[in-house]
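What follows is a short report on a single structure.
The values are calculated or read from the model by the stated rules, or taken from the named source; none is laboratory data. Not measured: the values here are computed from a predicted model. FYI the Cβ positions are ideal-geometry reconstructions off the backbone, even for glycines, and counts take in every protein chain you see. Keep in mind that these areas ignore ligands, DNA and RNA; they rest on the heavy atoms of the full protein, side chains included. Shrake-Rupley method; radii C 1.70, N 1.55, O 1.52, S 1.80 Å.
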Amino acid sequence: AFGPTITSFVQPEPVPKPQDFVLWSFFNSMFCNPFCLGFIALIFSIKARDMVIAQDLSAAGSYGRTSKHLNIAALCLGTLVTIIFLVVLVVY
């Protein structure tokens, strides 16, 4: 009357933690920092890392995306300013 009991365990897939881009932000804050965008990106990167530690992954993702966009803007503006400076230096 009583048969063997079959129990199956389903493990949930681990949720990947959002990226925080701290190294990129640190590079931009040291070398490509027009309008302090690299420093602001570093602040958002640190906030993203803190939110990962606090287990708030949605906030960490938001801070990480903001940091990424600020890093892209800082790198593009820093590269553009450097190129313009070199062109003006060579032409003058």
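For segment 19-29, does any single residue satisfy the condition of being more than 30 Å from Ile84 (Cα to Cα), under 18 Å from the mean Cα position of the chain (by Cα) and loosely packed, with under 10 Cβ neighbours inside 10 Å? Full working, then the answer.
Start the filter on segment 19-29 by keeping residues that are more than 30 Å from Ile84 (Cα to Cα), which leaves 19-20.
Now drop any that are not under 18 Å from the mean Cα position of the chain (by Cα), which leaves 19-20.
With loosely packed, with under 10 Cβ neighbours inside 10 Å added as a condition, the list becomes none.
Within segment 19-29, not a single residue is more than 30 Å from Ile84 (Cα to Cα), under 18 Å from the mean Cα position of the chain (by Cα) and loosely packed, with under 10 Cβ neighbours inside 10 Å.
Screening the candidates Ile6, Ile46, Ile72 for the property of being in a helix (DSSP H, G or I) and open to solvent by 80 Å² or more (accessible area, probe 1.4 Å) yields one hit, Ile46.
Residues in segment 49-69 that are within 12 Å of Lys17 (Cβ to Cβ), surrounded by 18 or more Cβ atoms within 10 Å (Cβ to Cβ) and of a type in the set (Val, Ile, Thr): Val52 only. Scanning segment 26-63 for residues that are of a type in the set (Phe, Trp, Tyr) and in contact (Cβ under 8 Å) with a residue 40 or more places away in the chain turns up Phe31, Phe35, Tyr63.
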